[in-house]
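**Student:** Can you read through this structure? Questions will come right after.
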Amino acid sequence: MGRYLLRRLGFALLLVLTVSSASLLLTHLAPGDITSEQSLTLDPAARARLRAELGLDRPLAVQYVTWLGGAVQLDFGRSLLYARPVSSLVSERALNTAVLATVALFLATVIGLPLGVYSGSRSRGLGRAVVRVLSIVALSVPPLIGSLALVFLAARTGWLPVGGMTSAAGFDSTWADWLADLARHLPIPALALALPLAATLERLQSQAIAKAVHEPFVAASRARGLDQMQAVIRHAWPVSLRSVLGLYGVMIGALFSGSFVVEVVTSWPGLGRLMYDALKARDLYLVAGCAASGAFFLAAGTLLADVLLAFADPRVRSEEAR
Amino acid sequence: MTRRAALFVAVLTAMSLAAPWLAPYPAGQGFRDFLHAPPMRPYLEGLAPVVHPLVLADRLEQRFEADPTRSVPLPWFGGSGDQPVFLLGADNFGRDVLSRLLYGARTSLGLALFATLGAVVIGALLGAWAGLRGGWVDEAVMRVADFVLILPVIYVVLVLRAVLPLVLPSSTVFLLVSGIFVAVGWPFVAKGVRAIVAAERDREYVQAARSLGAGQGRILVHHLIPACSGHLIVQATLLLPGFILAEATLSFVGLGFPDPVASWGTMLAEAGNYNAVARFPWTLAPAVAIFAIVLATNLIATPGRES
């Protein structure tokens, strides 16, 4: 287990390094830089001075090595767009994305798993049919479409505020007010992210349960006098969880891609939006910092999911110990 | 259900190909007096479907009223150009949403189909090569595939697209974006193909073919690729909606096709403004189209569930 973890960690570090370096270099190769945005108001001499000041006139290799040297010490340079250190900016926004992603994952789990257990343990009936139809519909509402539809609904009905993470109510509000405000802004982006994931979970859980209820130990527990409901929940469900848990590692990636578009649609101040703004402004170090942070989250999430799976399933544990 | 869903996708593709004949107006034609005109409801007058023409009631509020005293035949039934008919409303430039939806399907579906085909072909070839040759080829191809699979896809696509000049001719954007999609999509195909080929290459029928003198290429094309066809179809139905969405996302944030080009993503970009979308819900039409096609591909991909 220890060696396995170490190898996975090494791989994750390599991923973070590659992704951030590649995005830095690629963004550098792109035509224009941060000063070309202001080139209309700047005369060439002032622009050259600004570039020199920001260190953009040095050769690429020098810039890259300097950046890499800093990155190793967790200093990712300064954002030229926001005139702030990249690390504080990125960690602030990454936290917002993490809040959104965690709530969405939680919602997907509490919606998807119970429905999956329900539909998987029935062989017929209206309830099962309804769940299946809802599930295939939800699966076909990707975050882009879901967030647009929910924003439309909110704009039409005025039930929930649209846009941003909190209202611009001011700084004197208390913690409780702030939390309540956040809770009112969360449902739209979180639901848009969670719906297709919930459907995916429901389908997998349903298949897994349908397979597990035919296991002899479920029949045995029925024979001992447990009713169907208890037999399913106590005996079939824990066994079926194994294949469901395997999905969480994959879902982290979906959550990540989905959260970018949801952040853009609902103006959620997260990592995806920051990366997008940075790319548009050709803010080299910010792009690299966002990419590094994104890759880190992805790698950490996948790793966490794998470790959870290893704990839940002794077979995986022994396989990977080898 | 699977058949019907497949039929639906086929019909939609055919309609998008026939867009120049089906669409009432060219994709770029705007009617200045009909910005954000609402959808007109068609009804039968005798045997001919007609609509009541809209009259601008208030330019400031962009409020329109139907004129019940006059009726205009639908464009396919001899409507004239000076009195436009918007069955799905008009957008912020007074362009017919229905026409743009049809032309947009050409762009969006065409791009997604092209990229899916590319990813399936390249993934199948690389996967088969890795599975057949084994050794370092196998190792190298699969390591690269694994690496691409765990990349934060959306960031990679964003960076790759943003690196290139933002304003490009739409044919260049088409090739470029599909190239990026193929680059991130092929490993999904290659991994499965490699596993199947590696398992099948020593089976009796392959040995029989080999002993009859068939070369590697023939064995690959005639025996091993057909063995993967199920996997290839499943992967294609998974990649297609993903690519449709990816194009919509890129164009939505302004990194895909430039605005005058009709694509479902560029059309949605307008619907992203929530003040506009509440007042002009018909601009969400491409979202419905995307939902329908993703639903159809999902139904194709999961036939076994009903049994």
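**Student:** Could you list, in sequence order, all residues of the stretch B:21-45 that are free of Cβ contacts under 8 Å to residues at least 60 places away in the same chain and of a type outside the set (Ser, Thr, Tyr)? Step through it out loud before you land on a result.
**Tutor:** Keep residues of the stretch B:21-45 that are free of Cβ contacts under 8 Å to residues at least 60 places away in the same chain, which gives B:21, B:35, B:37, B:40-45.
Those that are free of Cβ contacts under 8 Å to residues at least 60 places away in the same chain and of a type outside the set (Ser, Thr, Tyr): B:Trp21, B:Leu35, B:Ala37, B:Met40, B:Arg41, B:Pro42, B:Leu44, B:Glu45.
**Student:** Kindly evaluate A:Val72 against the criterion of being among the hydrophobic types (A, V, I, L, M, F, W, C) and more than 28 Å from A:Ala22 (Cβ to Cβ). Please lay out each step first, then the result.
**Tutor:** Working: among the hydrophobic types (A, V, I, L, M, F, W, C): yes; more than 28 Å from A:Ala22 (Cβ to Cβ): no.
Considered against the rule, which asks whether it is among the hydrophobic types (A, V, I, L, M, F, W, C) and more than 28 Å from A:Ala22 (Cβ to Cβ), A:Val72 comes out as no.
**Student:** Could you figure out which of (1) assigned to a helix (DSSP H, G or I); (2) of a type outside the set (Val, Ile, Thr); (3) free of Cβ contacts under 8 Å to residues at least 12 places away in the same chain; (4) farther than 30 Å from A:Arg132 by Cβ isn't true of A:Pro238?
**Tutor:** So A:Pro238 meets the others, but not (4).
**Student:** Being in a helix (DSSP H, G or I), modelled with pLDDT of 85 or more and either surrounded by fewer than 17 Cβ atoms within 10 Å (Cβ to Cβ) or not β-branched (Val, Ile, Thr) (or both) is true for just one of A:Leu95, A:Leu14. Which residue is that?
**Tutor:** A:Leu95
**Student:** Mind checking which residues of the stretch A:260-269 are farther than 20 Å from A:Val86 by Cβ and in a helix (DSSP H, G or I)?
**Tutor:** A:Val261, A:Val262, A:Val264, A:Val265, A:Thr266
**Student:** List every residue pair whose Cβ atoms lie under 8 Å apart, where the two residues are 6 or more positions apart in sequence or sit on different chains, the first residue falls within the stretch A:133-156 and is more than 7 Å from chain B (Cβ to nearest Cβ) and over 16 Å from A:Ile111 (Cα atoms), and the second residue, located anywhere, is surrounded by fewer than 20 Cβ atoms within 10 Å (Cβ to Cβ) and not charged (D, E, K, R).
**Tutor:** A:Leu153/A:Trp159; A:Ala154/A:Leu160; A:Ala154/A:Pro161; A:Ala154/B:Tyr274
**Student:** Moving on. So, in the stretch A:197-247, how many residues would count as being more than 24 Å from A:Val307 (Cβ to Cβ), buried (at least 22 other Cβ atoms within 10 Å of the Cβ) and not aliphatic (A, V, I, L, M)?
**Tutor:** So the count comes out to 3.
**Student:** To continue, here is another question. It is to be established whether one or more residues within the stretch B:198-217 are within 14 Å of another protein chain (Cβ to nearest Cβ), surrounded by fewer than 24 Cβ atoms within 10 Å (Cβ to Cβ) and touching a helix residue (DSSP H, G or I) at 6+ places or on another chain (Cβ under 7 Å). Quick ask: steps written out before the conclusion?
**Tutor:** Looking only at the stretch B:198-217, we keep the residues that are within 14 Å of another protein chain (Cβ to nearest Cβ), and these are none.
No, that holds for no residue.
**Student:** Considering the stretch A:258-301 alone, what residues qualify as being of a type in the set (Val, Ile, Thr) and at the interface with chain B (Cβ under 10 Å from one of its Cβ atoms)? Working first, answer last.
**Tutor:** First pass over the stretch A:258-301, keeping only residues of a type in the set (Val, Ile, Thr): A:261-262, A:264-266, A:287.
Within the stretch A:258-301, A:Val261, A:Val264, A:Val265, A:Thr266, A:Val287 meet the criteria.
**Student:** State yes or no: is B:Ala90 within 16 Å of the chain's Cα centre (by Cα) and either of a type in the set (D, E, K, R) or surrounded by 24 or more Cβ atoms within 10 Å (Cβ to Cβ) (or both)?
**Tutor:** Working: within 16 Å of the chain's Cα centre (by Cα): no; either of a type in the set (D, E, K, R) or surrounded by 24 or more Cβ atoms within 10 Å (Cβ to Cβ) (or both): yes.
Considered against the rule, which asks whether it is within 16 Å of the chain's Cα centre (by Cα) and either of a type in the set (D, E, K, R) or surrounded by 24 or more Cβ atoms within 10 Å (Cβ to Cβ) (or both), B:Ala90 comes out as no.
**Student:** I'm trying to understand the selection: among the residues of the stretch A:210-227, which are outside any helix (DSSP H, G or I), of a type outside the set (Lys, Arg) and without any contact (Cβ under 8 Å) to a residue 12 or more places away in the chain? Break it down stepwise before answering.
**Tutor:** If we filter the stretch A:210-227 for residues that are outside any helix (DSSP H, G or I), which is where we start, we get A:213-215, A:224-227.
From the residues that got through so far, the ones that are of a type outside the set (Lys, Arg) too are A:213-215, A:225-227.
A:His214, A:Gly225, A:Leu226, A:Asp227, listed by residue number.
**Student:** So B:Met1 fits all but one of (1) buried (at least 17 other Cβ atoms within 10 Å of the Cβ); (2) more than 21 Å from B:Leu102 (Cα to Cα); what number is the exception?
**Tutor:** Only one criterion in (1) buried (at least 17 other Cβ atoms within 10 Å of the Cβ); (2) more than 21 Å from B:Leu102 (Cα to Cα) is unmet by B:Met1, namely (1).
**Student:** Restricting the search to the stretch A:225-253, which residues are within 13 Å of another protein chain (Cβ to nearest Cβ) and in contact with a Ser or Thr (Cβ under 8 Å, 6 or more places away or on another chain)? Before you say what the answer is, go through the steps one by one.
**Tutor:** Applying the first criterion (within 13 Å of another protein chain (Cβ to nearest Cβ)) to the stretch A:225-253 yields A:249-250, A:252-253.
Across the stretch A:225-253, the qualifying residues are A:Gly249, A:Ile252, A:Gly253.
**Student:** Hey, another quick one. Just the residues that are hydroxyl-bearing (Ser, Thr, Tyr) and either modelled with pLDDT under 85 or crowded, with 24+ Cβ neighbours inside 10 Å (or both), please, taken from the stretch B:223-275. Spell out the reasoning first.
**Tutor:** From the stretch B:223-275, those hydroxyl-bearing (Ser, Thr, Tyr) are B:229, B:237, B:249, B:251, B:263, B:266, B:274; that's our starting set.
The answer is B:Thr249, B:Ser251, B:Ser263, B:Thr266, B:Tyr274.
**Student:** Would you be able to tell me the number of residues in the stretch A:66-78 that are polar (S, T, N, Q) and either assigned to a helix (DSSP H, G or I) or at pLDDT 80 or above (or both)? Let's see the steps before the verdict.
**Tutor:** To start, the set of residues in the stretch A:66-78 that are polar (S, T, N, Q) comprises A:66, A:73.
Next cut, either assigned to a helix (DSSP H, G or I) or at pLDDT 80 or above (or both) only: A:66.
Residues flagged as polar (S, T, N, Q) and either assigned to a helix (DSSP H, G or I) or at pLDDT 80 or above (or both) within the stretch A:66-78 amount to 1.
**Student:** Since B:Val167 meets every condition but one in (1) within 20 Å of B:Gly118 (Cβ to Cβ); (2) more than 9 Å from chain A (Cβ to nearest Cβ); (3) β-branched (Val, Ile, Thr), which condition does it not meet?
**Tutor:** Condition (1) is where B:Val167 drops out.
**Student:** Within the stretch A:270-322, considering only helices (runs of 4 or more DSSP H) that don't extend past its boundaries, which have at least 1 residues that are more than 14 Å from A:Phe256 (Cβ to Cβ) and modelled with pLDDT of 80 or more? Explain how you work it out, then say what you get.
**Tutor:** On the way: elements: A:271-281, A:284-312, A:314-321.
Answer list for the stretch A:270-322: A:271-281, A:284-312.
**Student:** Applying the selection to the stretch A:277-302, what residues are surrounded by fewer than 24 Cβ atoms within 10 Å (Cβ to Cβ) and among the hydroxyl-bearing types (Ser, Thr, Tyr)?
**Tutor:** A:Thr302, the sole residue that qualifies.
**Student:** Given the conditions (1) more than 21 Å from B:Ala5 (Cβ to Cβ); (2) touching a residue at least 24 places away in the same chain (Cβ under 8 Å), report the number of the one that A:Leu126 does not fulfil.
**Tutor:** Here A:Leu126 clears every test but (2).
**Student:** Sticking with this structure for a sec: Does B:Gly230 fit the bill of being of a type in the set (Gly, Ala, Ser) and either under 13 Å from the mean Cα position of the chain (by Cα) or within 10 Å of another protein chain (Cβ to nearest Cβ) (or both)? Even if it seems obvious, please write down each step before you answer.
**Tutor:** Numbers: of a type in the set (Gly, Ala, Ser): yes; either under 13 Å from the mean Cα position of the chain (by Cα) or within 10 Å of another protein chain (Cβ to nearest Cβ) (or both): no.
So B:Gly230 fails the test.
**Student:** Can you report the number of residues in the stretch B:134-159 which are more than 7 Å from chain A (Cβ to nearest Cβ) and either surrounded by 19 or more Cβ atoms within 10 Å (Cβ to Cβ) or touching a residue at least 12 places away in the same chain (Cβ under 8 Å) (or both)?
**Tutor:** 11
**Student:** Only residues that are more than 20 Å from the chain's Cα centre (by Cα) and among the hydroxyl-bearing types (Ser, Thr, Tyr): list them for the stretch B:1-60, please.
**Tutor:** Residues satisfying the conditions are B:Tyr25, B:Tyr43.
This table checks each residue for (1) touching a Pro at 6+ places or on another chain (Cβ under 9 Å); (2) within 14 Å of another protein chain (Cβ to nearest Cβ); (3) crowded, with 17+ Cβ neighbours inside 10 Å; (4) among the hydroxyl-bearing types (Ser, Thr, Tyr).
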{"position": "B:Asp96", "(1), (2), (3), (4)": "yes, no, yes, no"}
{"position": "B:Ser99", "(1), (2), (3), (4)": "yes, no, yes, yes"}
{"position": "B:Gly123", "(1), (2), (3), (4)": "yes, no, yes, no"}
{"position": "B:Ser178", "(1), (2), (3), (4)": "no, no, yes, yes"}
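The values are calculated or read from the model by the stated rules, or taken from the named source; none is laboratory data. Quick caveat, the model's predicted, so the values are computed rather than measured. Reconstructed Cβ throughout: ideal geometry from the backbone, glycine too, with neighbour counts over all protein chains shown.
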